[in-house]
Amino acid sequence: MARIADLLAAGRTFSFEFSPPRTDSAQLSLGRTIAELEPLRPSFVSVTYGAGGSTRARTQQVVTWIGKETGITPMAHLTCQSHVRDDIRSLLDAYREAGVENILALGGDPPTDPADATPSDFQYASELIDELDAYDFSVGVAAHPEVHPRSADRAADRQLLAAKLRRADFAITQFFFDVAHYVRLVDELGELGVDKPVLPGIMPVTNLGSVRRMAELSGAAVPAWVVERLELAGDDAEDVRRAGVELATELCAALLDAGAPGLHFYTLNRSSATREIYANLGLPTAR
Ligand code: FAD
């Protein structure tokens, strides 16, 4: 296992994001996906945390399993909504004992039904970073190239992100489709004196409907030219998927040309799109 700050200091990182499985069969399928992606030699993989801590135990199990049973460095996502201080400390203690070295500190989203909300000592990711100060994890934070939907305006979004990133080691972005959003984000952080690595999050579009829904929630726009390219692919699901992989490959190539310190793939627990993009980009894989 390694600290992501050290990996980034040594060169570009290529990383994958998974969600903790909800059923036994989903667990088997995730195990297969990880085995299929292992030959791509990811720098690290990260495991999401359900809104309001709904996957607390499962995230912890998957992160610990990856750290122990595979050769891959894991990172645990952690959100602050619906957590009291003791919840966070006991999780951080458990990760430290398991040898996990990387935490993505997130605000998280409030539960959709306010009746599901439980008391919380934290509101913003920066307050989780306060807790993390007592530990030695390498800490990442989220960045929103198209501005977080709850931010008052662009300037406030960038100032709060810059303040968060000054105390963290790196950021990973929400997904986006236009390289200009990433370049502008990095430039704006630079103007605020922050040059920590910002890893672009890549979401290969394999189904237009589901990406539109996710984009709506995250504040990302699906540009008309992306919709057009996917519609041109026709009605066949495999053709649409192939067009989505092509679009993601073009975005990744543009990001690497623009100097991105790595690429972080939202895999949705599947391996094929990521493997195809890797092959298209000519990225190294294990022999
Ligand atoms: P914060 O940094 O807390 O910011 C949230 C909003 O509050 C922003 O508008 C910010 O400008 C504002 N803000 C921050 N600090 C202050 C302050 N002091 N005063 C006033 N306003 C403030 N969600 C999950 O539930 N589980 C996951 O595993 C998960 N993984 C993610 C991974 C990545 C790479 C990304 C980009 C997002 C992920 N999310 C996840 C979604 C994320 O939790 C939501 O987007 C959430 O709404 C914001 O998270 P944040 O860490 O950016 O929050």
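The values are calculated or read from the model by the stated rules, or taken from the named source; none is laboratory data. These numbers come from a predicted model, not from an experiment. Because the Cβ atoms are built from the backbone with ideal geometry, glycine has one as well, and the counts that use them run over all protein chains shown. When the accessible area is computed, the model is the full protein with side chains, heavy atoms only, and any ligands, DNA or RNA have been set aside. Shrake-Rupley method; radii C 1.70, N 1.55, O 1.52, S 1.80 Å.
Return a yes/no flag: does segment 35-58 have any residue that is surrounded by fewer than 18 Cβ atoms within 10 Å (Cβ to Cβ), in a helix (DSSP H, G or I), free of Cβ contacts under 8 Å to residues at least 12 places away in the same chain and within 16 Å of the ligand (Cβ to nearest atom). The answer is yes; a qualifying residue exists. Looking only at residues in segment 149-180 that are open to solvent by less than 40 Å² (accessible area, probe 1.4 Å) and in a loop (DSSP other than H, G, I, E, B), the one that is farthest from the ligand (Cβ to nearest atom) is 177. For residue 234, indicate whether it is open to solvent by 20 Å² or more (accessible area, probe 1.4 Å), over 25 Å from residue 154 (Cβ atoms) and assigned to a loop (DSSP other than H, G, I, E, B). In short, yes. Selection within segment 7-32: residues that are of a type in the set (Ser, Thr, Tyr) and touching a Gly at 6+ places or on another chain (Cβ under 9 Å). The member of this set that is surrounded by the most Cβ atoms within 10 Å (Cβ to Cβ) is 15. For segment 59-68, a residue qualifies if it is open to solvent by 60 Å² or more (accessible area, probe 1.4 Å) and under 22 Å from residue 218 (Cα atoms), but none of them does. A residue that is closer than 20 Å to residue 4 by Cβ, out of contact with any His (no Cβ under 6 Å at 6 or more places or on another chain) and touching a residue at least 24 places away in the same chain (Cβ under 8 Å) can be found somewhere in segment 154-162.
Condition check ((1) assigned to a loop (DSSP other than H, G, I, E, B); (2) touching a residue at least 12 places away in the same chain (Cβ under 8 Å); (3) surrounded by 17 or more Cβ atoms within 10 Å (Cβ to Cβ)) across all residues:
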position	(1), (2), (3)
182	no, yes, yes
188	no, yes, yes
194	yes, yes, yes
213	no, no, no
221	yes, yes, no
242	no, no, no
251	no, yes, yes
254	no, yes, no
273	no, yes, yes
